[in-house]
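Report on the following structure.
The values are calculated or read from the model by the stated rules, or taken from the named source; none is laboratory data. Just so it is clear, the model here is predicted, and its values are computed rather than measured. No Cβ is skipped: glycine too gets one built from the backbone with ideal geometry, and neighbour counts run over all protein chains shown.
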């Protein structure tokens, strides 16, 4: 598996022009890959957030030139491989930095390969990843068995385009309302888990801690709940006392087993 830090500006104007023209439109998802064939000739792609401290979420996926099995791939991924997925693992980097991750089927763990790659004819993955507070956001491009391997030129081209591509994709997710829907679902997920863990937590304490678990900052929690930062800290401290912890990383650790 190979990884690169990405610092280069985007150079593929034609690909970007096509994607910018699709911004906010419903067919962005299905047409996304067609505009990137000259950069990374993949037969399918998926954009998702995953990690042991978040609810795995697929935002968009589609295929180009082959039957679309990306939903089936995602279901297979959630059936087991997601729980111990280290294929997007990267050195500890400052939050917000993008990286490029390249992996072939020979490097994929056996269960992941048997459930996701082999049944759906995939041989190789090239990903743009961004480390978040409690998860990894990834734009994944998959080479299928009928295609030639990705070349060094493909890797270099995507590295050049990746920072802007990451911004465009995240903007599209926001414009389409997907991010809001995901955030609401994530909050409900963590509220339920927290309530099961400690039934003495109040509603406000649950709301604050659940949002912290989705990766929100304390400032973000304050804005989302319409509270002052001082009030958010008060609810956080009360919740942490009930849970027997002192720091945010300990909150995440409660759900790692």
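Please verify whether the range 58-74 includes one or more residues that are within 23 Å of residue 211 (Cβ to Cβ), part of a loop (DSSP other than H, G, I, E, B) and in the same structural domain as residue 122 (by TED's automatic domain parsing). There is no residue in the range 58-74 that is within 23 Å of residue 211 (Cβ to Cβ), part of a loop (DSSP other than H, G, I, E, B) and in the same structural domain as residue 122 (by TED's automatic domain parsing). Looking at residue 204, is it at pLDDT below 95, in a helix (DSSP H, G or I) and assigned by TED's automatic domain parsing to the domain that holds residue 192? It is false that residue 204 is at pLDDT below 95, in a helix (DSSP H, G or I) and assigned by TED's automatic domain parsing to the domain that holds residue 192.
Selection of the range 30-57 for residues being surrounded by 19 or more Cβ atoms within 10 Å (Cβ to Cβ) and assigned to a helix (DSSP H, G or I) yields 33, 35, 36.
With respect to the conditions (1) assigned by TED's automatic domain parsing to the domain that holds residue 125; (2) within 21 Å of the chain's Cα centre (by Cα); (3) surrounded by 17 or more Cβ atoms within 10 Å (Cβ to Cβ), residue 167 falls short on a single one, namely (3).
Number of residues in the range 87-115 that are assigned to a loop (DSSP other than H, G, I, E, B) and either closer than 23 Å to residue 170 by Cα or at pLDDT below 85 (or both) equals 11. Within the range 174-188, not a single residue is more than 30 Å from residue 27 (Cα to Cα) and either at pLDDT below 90 or buried (at least 17 other Cβ atoms within 10 Å of the Cβ) (or both). Being closer than 15 Å to residue 22 by Cβ and either out of contact with any strand residue (DSSP E or B) (no Cβ under 6 Å at 6 or more places or on another chain) or modelled with pLDDT of 95 or more (or both) holds for only one residue in 161, 168, and it is 168.
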